[in-house]
Amino acid sequence: MQDARGIERFQQCLVVGRTVVGETLAQRPAQCLELIHRARTSVPFPIPSHVKAYALTTPLFEKIDLFGTGAPVLVCQVPPFPSADLGTRPRGLEILCPLGDPANVGALIRTAAAMGAERVILLKESAHPYHPKAIRAASGMTFTVSLVQGPSIRDLPETATWVTLDTEGESLPAFQWPKDIRLLVGEEGPGLPPLPSGTRLAVPMTDSVESLNAVVAAGMALYAYRVQHPLTNRGLRS
């Protein structure tokens, strides 16, 4: 469960970090399967009766404690990802994610949750959203955001309605955002392949910087969308 292959094989994932483990146990108990902690240490939160607890010796526990937090490690069930039909119109704000770095995927999921996105569409290039690094970067939001599977970034339908970021695009601040839209995030490094459709937007920046981190750029675009389509209340979409 420390890499995508193991996660796919067992349909389980590792949740690491005291805060996110405690929140997942409290908010998503049905998905929690096992709790692994260091022997002769107390568990700092209640354990649901159906969750099996295992106490390991310190050397063995340290092999599982991927980030050296010292906190218990939670094993959770990974839910299935339905397939997205990109031939249909988007509903609200949707994000197309081809990011190959698990930490970037997690950061994007966390940003999507903060900006009230309807769902994140994981393209074939995307790292697994339940990779331990992705879950850690998402700060527990992986279990709350709607995640679906999409095609490769190179196989997006020509009729799809989406916008993306490109240094040669039109001005991001001046763009009038449709309420129902998909934001396509570029891959780290390769950026965007030749695409026949979509609207390209440019973030204003100095000539001294060639490009921005993909998640940072996506966050700017999502903020620009929310300026025009604000959340009515915290956690509620307009």
> Residues of the stretch 159-198 being crowded, with 16+ Cβ neighbours inside 10 Å, of a type in the set (Ser, Thr, Tyr) and within 17 Å of Gly87 (Cα to Cα), which ones?
Replying inline: Thr161
>> surrounded by 18 or more Cβ atoms within 10 Å (Cβ to Cβ), closer than 22 Å to Gly140 by Cα and in contact with a Leu (Cβ under 9 Å, 6 or more places away or on another chain): which single residue out of Leu66, Leu86, Leu74 fits that description?
In response: Leu74
> Given the structure, is Val203 closer than 23 Å to Gln149 by Cβ and of a type in the set (A, V, I, L, M)?
Replying inline: no
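Per-residue answers, yes or no, for (1) assigned to a loop (DSSP other than H, G, I, E, B); (2) more than 11 Å from the chain's Cα centre (by Cα); (3) at negative phi; (4) among the β-branched types (Val, Ile, Thr):
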| position | (1), (2), (3), (4) |
| --- | --- |
| Pro80 | yes, yes, yes, no |
| Val105 | no, no, yes, yes |
| Leu108 | no, no, yes, no |
| Lys124 | yes, yes, yes, no |
| Ile135 | no, no, yes, yes |
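Here, each number is a calculation from the coordinates, and none is a lab measurement. From a predicted model like this one, the values you see are computed outputs, not experimental measurements. Every residue, glycine as well, gets a Cβ built from its backbone with ideal geometry; the counts of neighbours run over all protein chains shown.
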